[in-house]
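Data first, discussion second: the structure below is written as structure tokens.
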Amino acid sequence: LAALITESPLLCKAMAKYVVCLVVLLKVWQCEATGPVMLALERKSSHVKGPEGFPHFVAKVQLGSEAEDMEVLFETGSGSLVMDSTKCKAAACLKHHRYSPSHAGLDRFGEAKSFGERARLEVDEGDFWAEVSGNMVREKICLQALCLQMGMLAVSNMTDPFIDADGIVGMSLEGLSISKPFNFLQQLPAAGLSSQFAIFLPTGPGAGEITFGGYNPARLESSLTWVPVQNPQDGFWQIEVVAVFAGLEKLELCEEGCLAFIDSSSPYIQVPEEKLHLLTERSVLSCDARNQDLSLVLKNGMRLSLSAKDYADCTQRLHPWKKEEQQNTGVRKEGPKVVVPGGVNSNSLILGMPLLQKYYTVFDALKKSVAFGLAKQDFEEDLIMLMQGKMAAKQEL
């Protein structure tokens, strides 16, 4: 073959062109296989408040060596992966699918450790409180064609089935994680994806969407505006607010600037308990005829505006953020010793699902920034299903 190529320059050129084409095709294939991955988010109910509870959104992933299907909550307010395992015999766990954990135990730094180091997490959402404990392990988690090896907590005990899901995937920055090997976003670059993700939540009964490694432009009604994350070392997706309006009236809230935490698991807009009356007295986001819009002015001049008319239902969207909850936010202990004191400024806000229903939101862990654009609610769901099918087909080849 070498002699033939040497004696035939035309054949050599043809083969060289063929090799170049193969390389280009391989690059295209790799880009498609590791490009943005989209998952549909199914609406569920927590059953915590009243007969229907408040909604949350879950997606299906495959976990462990047996690629077991798990319905998980992706949320921006925490930095850990917590999965129900067969080691948990508590009544709360028995209500969920429990996966069979591996024997690849880890310590808190991501190093191998027999059986895995023990950890305990407290979940406090104001309306409910729960405690989960388990062992740190390394597992493979797959989202369509995207598979990651990372640290997580295999639950062995749970006090309360606070959500209708088999696990939680925390999407915070690294500061809220046990360590880097346990942070989901830190593992994306190793799989060929950027450390961006984006969330769309519907105002009506349809499916939501979460995108990894970028965002879905078809979900946007307007262009994106980027704002920097404040104090990213803390791990929270927090932005600076310089003014708050009820309709056209500027309120005595965030007058000297305050931080707003983006928490996709909260069904509310939460304000300091002692300031809530400023909004309720003016019927902000209420269902009566006097309802007024809520507007938040960010440091870069962008205005985020919410109206009761934006939502299909007429549920309470304002909620107090109590001082005790603020003081306990982000606290980390090792045994009885507090190693991260946590706590947030008493003037802080939480921007939950009402914000994510109005604005398509993109999070960038590398650039430590967040982008907002008006969400396109009349999106045709066939497109996401087609893209999911394409990714699944490539995984099977």
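Evaluate the following for residue 116: is it over 21 Å from the mean Cα position of the chain (by Cα) and on the phi > 0 side of the Ramachandran plot? It is true that residue 116 is over 21 Å from the mean Cα position of the chain (by Cα) and on the phi > 0 side of the Ramachandran plot. Of the residues making up the stretch 285-305, those that are surrounded by 22 or more Cβ atoms within 10 Å (Cβ to Cβ) and at pLDDT 90 or above number 2. Determine whether residue 264 is among the hydroxyl-bearing types (Ser, Thr, Tyr) and not in a loop (DSSP other than H, G, I, E, B). The answer is no for residue 264.
For (1) touching a helix residue (DSSP H, G or I) at 6+ places or on another chain (Cβ under 8 Å); (2) at pLDDT 95 or above; (3) among the charged types (D, E, K, R), each residue gets a yes or a no:
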| residue | (1), (2), (3) |
| --- | --- |
| 159 | yes, no, no |
| 165 | no, no, no |
| 191 | yes, no, no |
| 205 | no, no, no |
| 215 | no, yes, no |
| 219 | no, yes, yes |
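Elements of the type strands (runs of 3 or more DSSP E) sitting completely within the stretch 33-150 and holding at least 1 residues that are more than 22 Å from residue 200 (Cβ to Cβ) and either touching a helix residue (DSSP H, G or I) at 6+ places or on another chain (Cβ under 9 Å) or modelled with pLDDT of 90 or more (or both): these cover 55-63, 68-75, 81-84, 118-124, 129-143. In the stretch 204-253, counting only strands (runs of 3 or more DSSP E) that sit wholly within it, the ones holding 3 or more residues that are of a type in the set (Val, Ile, Thr) and buried (at least 18 other Cβ atoms within 10 Å of the Cβ) span 238-246.
Is it the case that some residue within the stretch 340-350 is modelled with pLDDT of 90 or more, crowded, with 17+ Cβ neighbours inside 10 Å and under 17 Å from the mean Cα position of the chain (by Cα)? Yes, because at least one residue in the stretch 340-350 is modelled with pLDDT of 90 or more, crowded, with 17+ Cβ neighbours inside 10 Å and under 17 Å from the mean Cα position of the chain (by Cα). The set of residues in the stretch 270-285 that are within 19 Å of residue 350 (Cβ to Cβ) and over 23 Å from the mean Cα position of the chain (by Cα) comprises 272, 273, 274, 275, 276, 277, 278, 279, 280, 284, 285.
Scanning the stretch 122-138 turns up no residue that is open to solvent by 50 Å² or more (accessible area, probe 1.4 Å), touching a strand residue (DSSP E or B) at 6+ places or on another chain (Cβ under 9 Å) and of a type in the set (S, T, N, Q). Just the residues that are in a loop (DSSP other than H, G, I, E, B) and either surrounded by fewer than 17 Cβ atoms within 10 Å (Cβ to Cβ) or among the acidic types (Asp, Glu) (or both), please, taken from the stretch 267-281. Scanning the stretch 267-281 gives a single hit, 281. Residues of the stretch 282-323 that are under 19 Å from residue 238 (Cα atoms) and part of a helix (DSSP H, G or I): 323 alone. Within the stretch 284-301, residues that are more than 20 Å from residue 258 (Cα to Cα) reach partners that are crowded, with 17+ Cβ neighbours inside 10 Å and among the β-branched types (Val, Ile, Thr) with beta carbons closer than 8 Å, at six or more positions or on different chains, in the pairs 285/269; 291/284; 292/284.
In this structure, residue 183 qualifies as in contact with an Asp or Glu (Cβ under 6 Å, 6 or more places away or on another chain), modelled with pLDDT of 95 or more and open to solvent by less than 20 Å² (accessible area, probe 1.4 Å).
The values are calculated or read from the model by the stated rules, or taken from the named source; none is laboratory data. Remember, predicted model here, so these are calculated numbers, not experimental data. All Cβ positions, glycine included, derive from the backbone under ideal geometry; neighbour counts span all protein chains shown. Protein only, heavy atoms only, side chains kept; ligands, DNA and RNA dropped before computing areas. Shrake-Rupley method; radii C 1.70, N 1.55, O 1.52, S 1.80 Å.
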